[in-house]
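Chemist: To start, I am sharing the structure in question, which I have written as structure tokens.
The values are calculated or read from the model by the stated rules, or taken from the named source; none is laboratory data. Because the structure is predicted, anything quoted here is derived from the model rather than measured. Here the Cβ positions follow ideal geometry from the backbone for every residue, glycine too, while neighbour counts run over all protein chains shown. Protein only, heavy atoms only, side chains kept; ligands, DNA and RNA dropped before computing areas. Shrake-Rupley method; radii C 1.70, N 1.55, O 1.52, S 1.80 Å.
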Amino acid sequence: MRAPWFVDVNVPHTPILIAESSDSAFATRFRQAISNESQRHLPRVDYPDDEYILNLCERDCPMPGPVRARYLVEAALRSLGRSFHILLRTIVVDELERFLQSPESVSIFVRSKLLAAFAIGELYTTRASVTMSSFPGLTYFARAIRVLQIVPERPNITVIETKLLLASSRLCQSLASPY
Amino acid sequence: MGMHLNVPDSVPLDPVAREHRHRVWWTAYIYDRMWSTILGYPHAISDEAIKVDLPADMNDSSNSGNFSERAHFVARISLSRLSAHVVRSIYGPAVQETPLSSRVQSVFTDLRKWLEGLPAFLKVDPGRMVPVDPRASSLQMMFNQVCIQTVCSLNSTDFYMVACHSCDPPSVASRSSQQSIIPRRPTSSS
């Protein structure tokens, strides 16, 4: 008999889920119960894996042009900013303008923050269906996570903002994964 | 960075920067609680250790769109706090003295109080076909997720008990007589 889709028979490599409150099997059963139509299990296997993202880190990441950069940051401010507070508009807009005039004039932390904002902006402005290889904002995200290699001795608010943006982006990428 | 504490008044800090620091902290708090409920892991910092002020009302003309409306953010923070309480009281590893169904009813009571305490513009009335504020929709979905997390700990019998005695019986209760929606699990329940 074939095992359900959420049971990974590759036992040594299966992440051991120690949580009871996250239950993808329950989610599927719940959808089946509340719907009048038959519902199948969602595969939840189409998400960008770690190796793919690490490979992306090493590739060149062309920066967006000024118009698109402003558009992406504005999209990130409006979309994510509706439910959470991560970026301060006056500060990030100023940092973006300085970056556009002279990329070397901003620190690596500000650059990573802007890259993370580009990733979020692209995520929220893409309307086409996506696959793992064309996940919106993934290139900017992969470039931005390089800053996580540094554990700052004296972290500042920019580092925290960047990490929250990366967490938001990763959450959206992982919605199609079972964990 | 000590963001879980208020910056002392003796430290000169611009009010905008201070409020930004507070709100970034509370966003990190919401994320921490959200991840812990999604993944079922303990959260990073306990509520007792947090002494920072809740978001303030910053909607004056000097803020140039820096800060969103306060009530929505505060509602999300309190719902995140509730969701962590759900995970701890229902799914926590410690042996519980009160029966599971009582704990679930207690959670539903808290959730109902939260829902009733929302300002009108953040409430979603499913019977009215009017455009809904996206923030209200987002909050409602988070609320639904917490409800589902509360319910999925129950077996069918306990589910009926809670559905009959709790606030609004979930519509799914009528279907569970035909099929079991709650996978039986070896439990941590009573």
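Chemist: Can A:Y124 be described as over 27 Å from B:R33 (Cα atoms) and open to solvent by 60 Å² or more (accessible area, probe 1.4 Å)?
Modeler: no
Chemist: Within the bounds of the stretch A:73-83, is there any residue that is over 14 Å from A:G121 (Cα atoms), touching a helix residue (DSSP H, G or I) at 6+ places or on another chain (Cβ under 7 Å) and within 14 Å of chain B (Cβ to nearest Cβ)?
Modeler: Yes, the stretch A:73-83 contains at least one residue that is over 14 Å from A:G121 (Cα atoms), touching a helix residue (DSSP H, G or I) at 6+ places or on another chain (Cβ under 7 Å) and within 14 Å of chain B (Cβ to nearest Cβ).
Chemist: Go through the stretch B:106-137 and give me each residue that's away from chain A (no Cβ under 14 Å), in a helix (DSSP H, G or I), open to solvent by 70 Å² or more (accessible area, probe 1.4 Å) and of a type in the set (A, V, I, L, M, F, W, C).
Modeler: Within the stretch B:106-137, just B:A120 meets the criteria.
Chemist: Shifting gears a bit: Which condition breaks for B:R103 when tested against (1) assigned to a loop (DSSP other than H, G, I, E, B); (2) more than 9 Å from chain A (Cβ to nearest Cβ); (3) at negative phi?
Modeler: Looking at each condition in turn, B:R103 falls short on (1).
Chemist: Which of the residues that make up the stretch B:10-42 are of a type outside the set (A, V, I, L, M, F, W, C), under 16 Å from A:L164 (Cα atoms) and modelled with pLDDT under 90?
Modeler: B:S36
Chemist: Can I ask one more? State all residues of the stretch A:89-121 that are under 16 Å from A:K163 (Cβ atoms) and out of contact with any Pro (no Cβ under 9 Å at 6 or more places or on another chain); if no residue qualifies, say none.
Modeler: Hits for the stretch A:89-121 are A:V92, A:S107, A:I108, A:V110, A:S112, A:K113, A:L114, A:L115, A:A116, A:A117, A:I120.
Chemist: In addition: Just give me the residues in the stretch B:4-56 being in a loop (DSSP other than H, G, I, E, B), facing chain A (nearest Cβ under 8 Å) and surrounded by fewer than 19 Cβ atoms within 10 Å (Cβ to Cβ), in sequence order.
Modeler: Hits for the stretch B:4-56 are B:G40, B:Y41.
Chemist: Moving on. Test A:Y52 against the criterion of being hydroxyl-bearing (S, T, Y), more than 14 Å from A:L123 (Cβ to Cβ) and not in a loop (DSSP other than H, G, I, E, B), and give yes or no.
Modeler: yes
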